[in-house]
1. I'm told A221 meets every condition in (1) small (G, A, S); (2) more than 30 Å from I172 (Cβ to Cβ); (3) surrounded by fewer than 16 Cβ atoms within 10 Å (Cβ to Cβ) except one. Can you identify the failing condition by its number?
2. Residues in the range 282-305 that are of a type outside the set (K, R) and closer than 22 Å to Q242 by Cα: how many?
3. Can you find a residue in the range 311-318 that is basic (K, R), out of contact with any Asp or Glu (no Cβ under 6 Å at 6 or more places or on another chain), at pLDDT 95 or above and over 21 Å from A233 (Cβ atoms)?
4. Return the only residue of E225, E234 being of a type in the set (D, E), under 24 Å from I338 (Cβ atoms) and either within 32 Å of the chain's Cα centre (by Cα) or not assigned by TED's automatic domain parsing to the domain that holds A334 (or both).
5. Please go through the range 167-223 and give me each residue that is part of a helix (DSSP H, G or I) and of a type in the set (V, I, T), ordered by number.
6. Looking at the structure I just gave you, is A147 part of a helix (DSSP H, G or I), touching a residue at least 24 places away in the same chain (Cβ under 8 Å) and surrounded by fewer than 15 Cβ atoms within 10 Å (Cβ to Cβ)?
7. Anything in the range 262-281 that is free of Cβ contacts under 8 Å to residues at least 40 places away in the same chain and farther than 16 Å from Y244 by Cβ? List them, or say none.
8. When the residues of the range 89-113 are filtered to those that are touching a residue at least 12 places away in the same chain (Cβ under 8 Å) and part of a loop (DSSP other than H, G, I, E, B), which remaining residue is surrounded by the most Cβ atoms within 10 Å (Cβ to Cβ)?
Amino acid sequence: MKKVLFSMLLVGAATIATAQKSEVADAKKEWGLFQLMANGKQPLDKTLAALNSGLKHTDNAIANEKSQNMPEAWSYRALFASSIAATDTVDIANSVAKQKIAEEAVVKAKALDTKGTEKENIANAEVNISNAVKIRAFAAYNKQDFAAALKYFNEVTEKNPNDTAMYLNAGIMAKNLKNYPEAIKNFKKMISFNTPNAKDLYTEVINMTLADVKDTVAALALLKEASAKFPDAEGFIQTETQLYINKGDIAKSEEMLDKLIARDPNNAIYQHLKGDIYYTQAVAVQEKKNKIDPKKVKESAALTAQISGLLDKALPYYTKASELDPKSVNALDAIGRIYAFKGETAKYEAIKKKIAAIKQ
């Protein structure tokens, strides 16, 4: 009697194990059918029903000790759950919940798949997970929910640190939220990939650092970094020079530009910037003069002489810039303003004619 009972128990155990393995086989069949359905247009409810049916088979498979360590059980679980996460754009909570199931299944599948037979399924599931988060991010952006969009874009970059476009999107969302440090962090990460728009992103980051974060030290460091990578980008040099001027560090401004001019004396931009150093100082003195009592004639005259001297220093550089770039309206305009200040009407009118001819 005991032998018969023992035999019956063995048969029962084998039957259960076979049943659980068939759950995996059924999951595979469900996935194959879903793939065929995916080639045609199916209503969302039917698509989700098919995916949930497949996921249920994996629920059963991993619930039994006889099949819970089968790599296929977990790889197909990851496929079904991740597909639901990427497909269900109506019920966000369900999408997020299924994403979590998929992520757990991917970890388990990788641990069990020692032979690499489920490598493709696992990779596809990971793509689905990433796509699910991206879909939520763009949906949030379309609803102008920049906070949610930023959260999802950041989640994508955490999962895939090499997805450069997502850093850009995250930076844009952060900027829309006026979260400038976060925007700068993401744009700088984008720059680190040396993308084609790196120069423009440097400009964006530098402008935010100056105007919004108001960190001159960090901005100067960024300007030096940008100038080193893009030595022909005169905008960075101009901004750096202006910062030194604003700080009152005229010597540093002159030193930097003198080196640049020595390296490339025929660069009209460098000549113009050197003229700006003296012109900007002249403007500052003029503002100081405007604030003093008109009765202080001697003090006013001294400031006028100082302004004139600074403009005399600026004029040769603007003139040189104009000679190197005859169509530069900016250089001619600067020359014209100096002639106007000095009261040299004939020269001022001649400059105006040149500008008008260029603009025609």
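1. With respect to (1) small (G, A, S); (2) more than 30 Å from I172 (Cβ to Cβ); (3) surrounded by fewer than 16 Cβ atoms within 10 Å (Cβ to Cβ), A221 is out only on (2).
2. 6
3. Scanning the range 311-318, I find at least one residue that is basic (K, R), out of contact with any Asp or Glu (no Cβ under 6 Å at 6 or more places or on another chain), at pLDDT 95 or above and over 21 Å from A233 (Cβ atoms), so the answer is yes.
4. E234
5. I172, I184, I191, T203, V205, I206, T209, T216, V217
6. Numbers: part of a helix (DSSP H, G or I): yes; touching a residue at least 24 places away in the same chain (Cβ under 8 Å): yes; surrounded by fewer than 15 Cβ atoms within 10 Å (Cβ to Cβ): yes.
When the stated conditions are applied, A147 passes them.
7. A262, R263, D264, P265
8. Ranking the candidates gives D113 first.
The values are calculated or read from the model by the stated rules, or taken from the named source; none is laboratory data. Note that the structure is predicted; figures quoted are calculated from it, not measured. No Cβ is skipped: glycine too gets one built from the backbone with ideal geometry, and neighbour counts run over all protein chains shown.
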